[in-house]
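Only one structure is covered here, and it is reproduced in the block below.
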Amino acid sequence: MGPLEILLGLIVVVLGWKLVANRREFAKLRRWAAQPRLTDPPEAGGAWGEVFNLLHRHRRTTLHRRRQLAQLIVRSRRGAQALPYGVAVLDADYRLDWCNDAAEEHLGLDAGRDRGQPVANFVREPGFVEYLSAGDFRTPVRIPIRDRNGAPTPRTLALQIVDFGAEEHLLLSQDVTGDERLESMRRDFVANVSHELRTPLTVLAGFLETIQDLKLDAGRVRDYVSLMAPQAERMKRLIEDLLVLSSLEHAPAPPPTNRIAIRPLLERARQEAEALSKGRHRISLAAEGAHDLAGAESEIASVFLNLVTNAVRYTPENGEIRIRWRSSDDGAAFSVEDTGIGIEPEHLPRLTERFYRVDRSRSRETGGTGLGLSIVKHALARHNAVLEVDSKPGKGSRFSARFPATRLLAAAPPVSTHSSRPVAG
Ligand code: ADP
């Protein structure tokens, strides 16, 4: 064997050894890279060591970024969960990608099960389908909320699509049942007020026209004017009640320190009842307890007067009306009991609604505006008090205003009286 062959042999041995070493380092690299978790790179020297270190640094940065991204996604989803809206992320073809709990509830969805479903599959309401195909998403569309069986409920949902990112969309949903109810109450209120004012105004305008057009003698004109006066009075009462209601809604809460002397107010209520009754009813007043109320006197006076005048107006001649005040350290109650026409149970929950009347013509004949009990309810609520009604049709009613102990002030000096003054029928 010559020197050249020896050299070649050596080269082959060295190359072979290098190859084996490289394969070993490569296998180490593969094993290390295949680990899902980031671990320190295997020991290696020379060029392999450098490669390992470079790859290790790169992997560490990538994993760090991925972790940050994952945290960002979790935070944005947590943010979307906390929103008071339903939020559903839709892809370019309006297919569900993700949604929060509120959207699941509003739309009857299951984020896991329904992923990839087109939005029109789970919101089938014709109004929404039209909205989707029209593609004009500037204003929300309103649809009824359906129950589990697909039947519409009295609740309303507002849906709006908002575009974001590259051809992605958000479907926002909000339960607007409360807004709808307020809006419908506002509409009813305006319609009712207009109607209530128009009726007496029409009568007044008719009389005025007649007086203007016909040559009437002075006596006739006086007759007409006396027919016009109650209509003007009715309009005045209505406007006064509307102003009281409005001030109850907007005025600051009555101060809890302002003393209302109860006895004079009770006496005033009895006198008003007698003046309205004109001797047609037996009216009594009984008061027990040594407390005054804290709050706004004009509001409490209005509660007492509305309740006693209602009792007179809805109690036929010879009936009895009992006005009562009772206070103890636990609270106080003002009640008016009558032996009048009573109220059918189905009307009771609605009595304090504005313009709600059991019998329209009777209310108007007796000078009612339909706002009395609404004023009572508002004024009481401002004093943390509640109105309770017990009634038997044909037998009579008892309206009670209950005040909590926190609204009572000890009267000085404590008194206890009982006065009953029947008025001849
Ligand atoms: P109104 O001006 O019509 O009396 P209210 O708000 O004071 O309006 O009362 C609402 C309705 O409740 C009345 O229209 C009447 O039908 C009924 N109501 C109120 N008080 C009595 C009562 N003491 N007895 C029978 N019905 C009553």
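The values are calculated or read from the model by the stated rules, or taken from the named source; none is laboratory data. None of the values given here were measured: they were computed from a predicted structure. For neighbour counting, all protein chains shown are included, and Cβ atoms are generated from backbone atoms with ideal geometry for every residue, glycine included. All accessible areas refer to the heavy atoms of the entire protein, side chains included, with ligands and DNA or RNA removed. Shrake-Rupley method; radii C 1.70, N 1.55, O 1.52, S 1.80 Å.
Need one word for the range 218-323: rounded, prolate or oblate. Basis is the Cα gyration tensor (sqrt eigenvalues a ≥ b ≥ c); a/c below 1.5 gives rounded, then a/b vs b/c decides.
It is oblate, given that a/c is not under 1.5 and a/b is not larger than b/c.
With both partners inside the chain, how many of the DSSP beta bridges are antiparallel, as a percent to the nearest 5?
90 percent
Starting from the residue with the highest accessible area, list Val20, Val123 in decreasing order, probe 1.4 Å.
Descending accessible area places them as Val20, Val123.
So what's the back-of-envelope 222 nm ellipticity for the chain, counting only DSSP H runs of four-plus at -39500 (n - 2.57) apiece and dividing by all residues, rounded to 500?
-16500 deg cm²/dmol
With both bridge residues required to lie in the range 259-422, what share of the DSSP beta bridges run antiparallel, to the nearest 5%?
80 percent
Could you order the peptides 354-363, 133-142 from most to least packed, using the average number of other C-beta atoms within 10 Å per residue?
354-363, 133-142
Could you tell me the distance between the Cα centroids of the range 207-281 and the range 306-333, to the nearest Å?
21 Å
Run the numbers on the range 152-232 and let me know its relative contact order in percent, using alpha-carbon pairs under 8 Å that are six or more apart.
21 percent
Subtracting the Cα-Cα distance from 0.36 nm times the residue separation, let me have the gained length for Asp179 to Ala381 in nm, one decimal.
Contour length minus the Cα-Cα distance gives 70.5 nm.
Subtracting the Cα-Cα distance from 0.36 nm times the residue separation, let me have the gained length for Thr153 to Gln117 in nm, one decimal.
Using 0.36 nm per residue and subtracting the Cα-Cα distance, I get 10.5 nm.
Based on the Cβ-Cβ distance of Leu63 and Ala21, what FRET efficiency does E = 1/(1 + (r/R0)^6) give at R0 = 41 Å, to the nearest 0.05?
Approximately 0.90, to the nearest 0.05.
Using the reciprocal of the averaged 1/r over all distinct C-alpha pairs, how large is the Kirkwood radius of the range 268-327 in Å?
12.2 Å
Calculate, for the range 31-82, the solvent-accessible area per residue in square angstrom, rolling a 1.4 angstrom probe over the heavy atoms of the protein chains.
In whole numbers, the range 31-82 has 84 Å² accessible per residue.
Keeping the other protein chains in place, figure out the carbon and sulfur percent of the accessible area of the chain, with a 1.4 Å probe.
On the chain, the fraction of accessible area on carbon and sulfur atoms equals 56 percent.
State which helices in the chain qualify, where a helix is a whole DSSP H run, it must extend 18 Å or more along its own axis by its Cα atoms, and its mean Kyte-Doolittle hydropathy must be at least -1.0.
3-34, 46-82, 177-213, 218-250, 262-277, 297-313
Which FRET efficiency value, to the nearest 0.05, is calculated for Glu297 and Glu233 with the Förster distance at 30 angstrom and r the Cβ-Cβ distance?
Result of the calculation: an efficiency of 0.75.
List the relative contact order of the range 259-422 as a percent without decimals, with contacts defined as Cα pairs under 8 Å and 6+ residues apart.
Once divided by the residue count of the range 259-422, the mean separation gives 30 percent.
From the residues Gly135, Val13, Ile300, which one has its Cα farthest along the dipole of the chain in the positive direction, the dipole being from +1 and -1 charges on Cβ of Lys/Arg and Asp/Glu about the Cα centre?
About the Cα centre, the residue reaching furthest to the positive side is Val13.
Could I have the simple spin-label model distance between Arg186 and Thr366, label points 7 Å from Cα toward Cβ, reported in nm to one decimal?
3.4 nm
Which whole-number percent is the relative contact order of the range 84-175 (Cα, under 8 Å, 6+ apart)?
Relative contact order here is 32 percent.
List every residue whose amide H lies under 5 Å from the amide H of Leu293, counting only residues 5 or more places away in sequence or on a different chain, with H placed 1.01 Å from N in the peptide plane.
Ile260, Ile262, Leu409
So, in nm, how far is label Asp93 from label Val12 when the simple model puts each one 7 Å beyond its Cα toward the Cβ?
So the two model labels end up 6.2 nm from each other.
Please state the shape class of the range 84-175: rounded when a/c is under 1.5, otherwise prolate if a/b exceeds b/c and oblate if not, all from the C-alpha gyration tensor.
oblate
Once the Cβ-Cβ distance between Ala290 and Phe164 is put in as r, and R0 is 60 Å, what FRET efficiency do you end up with, to the nearest 0.05?
Once the sixth-power term is evaluated, E becomes 0.35.
If you bin every alpha carbon distance in the chain into 20 Å steps from zero, what whole percent lands in each bin?
In order of increasing distance, the bins hold 17, 28, 25, 14, 8, 5, 2, 0 percent.
Hey, for a label at Val221 modelled as a point 7 Å past Cα toward Cβ, could you say which residues of the range 185-212 have their backbone N under 19 Å away?
So the set is 204-212.
So how far apart, in nm, are the two label points at Lys28 and Leu214 if each is 7 Å from Cα heading toward Cβ?
About 12.1 nm, to one decimal.
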